[in-house]
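Please treat every number below as a calculation from the coordinates, not as lab data. Only a predicted model underlies this, so the values are computations on that prediction, with no experimental measurement involved. Note that we place each Cβ from the backbone using ideal geometry, even for glycine, and neighbour counts take in every protein chain shown.
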Amino acid sequence: MAPESFEIDPHADTIIILKEPSVFFAVWGQPDVWDLNVWEKTTSKKEETATKEEKTTTKKKKKKGVAIPYEVPSPPPPPVEEIQDEEPPPPPRAFEDLKPEEPPFNSSFVEYPEDPEPLPPTPLIEYPDGDYFPPPPRPVEYLEEEAPLPPSPPPVKYPEDEELLPPSPPPELPPTEEPTTEETVVEEPAPEPETYELSPYEKGVHYHVSASHLRLASPKFNSMLGIENEKYGHYYILVQDWDKEALLILLNVVHLRHRNVPRAVSLEMLAKLATLIDYYDCAEAAEGWTERWIDHLKTTSPIPSTHCRDLMLWMCIAWVLRLPSEFAQTTAVAIKQSKQKELPTLGLPITGFVDRIDQARVRAIATVDSQLRILLHDYRAADYCCPRGSQYSFECGSILYGALTKGLVSSELSYLFVPFAGISFCELQEKVKSIKSPMWMTDYDGYHLCNLGVKVTEMADMVLREIHGLDLKDFGGTPIR
């Protein structure tokens, strides 16, 4: 089966092979490092927990049944041992008779030397005359062999003796036979490392492109071309984890195949293209088309005012394509609306400035929190002076101190700690505005004019007005617009 292929250049000398096209892109609500293996592990864990729950439910169901009376059998009686007639104990002996008894002699523990085997009888020698003579003495081989003596140690050599002795000649080496002309030594070549050669039959999505266009558009492609395959006469570039359609659009733009380039794309497709443009460093080659796509998206998919997936996609587009106004707008929304300790990147190429957003968010929340603590300290101080008159200082300070303390407790703002995880600046502002102000009056004057709600609201709004998005010029590069 032939692989799926796109002929971008009819006279192509390069084939880009896309293996394992991406299925997930900028997944919202998942870890930054998106790994399919991690996803499989989490799903397998969920399945294991589900199966465990099913087993527990089945066990519980099995336990629920009709109670059947069951009588526990009584244990059998212990066996009765037969009483045997025992010998009566011996009578007591006198004190003199109580002597230590010697242990009985046991002959089994006495070791005797083994008798030697008897020698065979020697026959008498009979001579022709009928006389018998004793046999000759036994040969030496029949005598018992004595154990050999240990070898004597070698004589000790002293340095003085060694100097007197002549030096020992070097050992003679066997003569080496020189190889003749007929017998030549053939050395085996070292095994070459196994190389993986790509071919036109490699599985994946094939893009037939031109190497010259790739070199002009992208320095990354220029470094990936390498050496031409002599067997098939093509350059081969292996890529993976890209979107199939996004890579096709970018290659058509690079090869000036304008009729095959869409006039408008979705926000997600433009974010995929921005990821490819950032990786292959070809923003200048696609600049004309990206401006048209952005103008279209501003009307169809404007920048959201909440922290969501579309905001992160817009942030990636503004960062890669160097759009200063869109970059400042998206980062300002992230500073105000983000709740996380660290802003999730969703696997997008925006890691170069995420820490700045986190720092600006923490700074804004810490400013409001510190001003609330200062205001609480002022109301509690003994030298507090009411702006409406010093005669109301004690009553005004006491009432406002108690109201602010209760307001912080009811809105869960009593204890805030850096990095303020779980709360955004906009949520903090709404909670501050919800703090109620008490109303009280004197006998001869109307209601007291010191209002706690107005005070804290103006304070939070002032901090909000000072929040601005990040400036693209602070990160280098030249903006497109």
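What number of residues in the stretch 222-260 are in a loop (DSSP other than H, G, I, E, B) and surrounded by 17 or more Cβ atoms within 10 Å (Cβ to Cβ)?
As a first pass, look at the stretch 222-260 and keep what is in a loop (DSSP other than H, G, I, E, B): 226-228, 230-233, 241-243, 255-257.
Pick out the ones that are also surrounded by 17 or more Cβ atoms within 10 Å (Cβ to Cβ) and you get 242-243, 255.
Final tally of qualifying residues: 3.
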Return the residues of the stretch 398-413 that are surrounded by 15 or more Cβ atoms within 10 Å (Cβ to Cβ) and not in a loop (DSSP other than H, G, I, E, B); say none if nothing qualifies.
ILE399, LEU400, TYR401, ALA403, LEU404, GLY407, LEU408
If you go through CYS426, CYS396, CYS385, the only one that is among the hydrophobic types (A, V, I, L, M, F, W, C) and in contact with a Cys (Cβ under 8 Å, 6 or more places away or on another chain) is CYS396
Which numbered condition ILE357 fails, given (1) in contact with a Ser or Thr (Cβ under 7 Å, 6 or more places away or on another chain); (2) free of Cβ contacts under 8 Å to residues at least 24 places away in the same chain; (3) buried (at least 21 other Cβ atoms within 10 Å of the Cβ):
(2)
What are the residues in the stretch 399-424 that are free of Cβ contacts under 8 Å to residues at least 40 places away in the same chain and within 44 Å of the chain's Cα centre (by Cα), if any?
LEU408, VAL409, SER410, SER411, GLU412, SER414, TYR415, PHE417
Among the residues of the stretch 300-317, are any closer than 18 Å to PHE475 by Cα, out of contact with any Cys (no Cβ under 6 Å at 6 or more places or on another chain), buried (at least 16 other Cβ atoms within 10 Å of the Cβ) and of a type outside the set (A, V, I, L, M, F, W, C)?
no
Among residues belonging to the stretch 262-282 that are part of a loop (DSSP other than H, G, I, E, B) and free of Cβ contacts under 8 Å to residues at least 60 places away in the same chain, point out the one that is surrounded by the fewest Cβ atoms within 10 Å (Cβ to Cβ).
ARG263
Filter the stretch 318-348 down to residues that are surrounded by 16 or more Cβ atoms within 10 Å (Cβ to Cβ) and part of a loop (DSSP other than H, G, I, E, B), then give me how many there are.
10
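Kindly indicate whether any position in the stretch 374-397 is under 22 Å from GLN340 (Cα atoms), part of a helix (DSSP H, G or I) and touching a helix residue (DSSP H, G or I) at 6+ places or on another chain (Cβ under 7 Å).
Within the stretch 374-397, none of the residues are under 22 Å from GLN340 (Cα atoms), part of a helix (DSSP H, G or I) and touching a helix residue (DSSP H, G or I) at 6+ places or on another chain (Cβ under 7 Å).
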Just to be sure I understand, how many residues within the stretch 284-317 are touching a residue at least 40 places away in the same chain (Cβ under 8 Å), under 34 Å from the mean Cα position of the chain (by Cα) and part of a loop (DSSP other than H, G, I, E, B)?
2
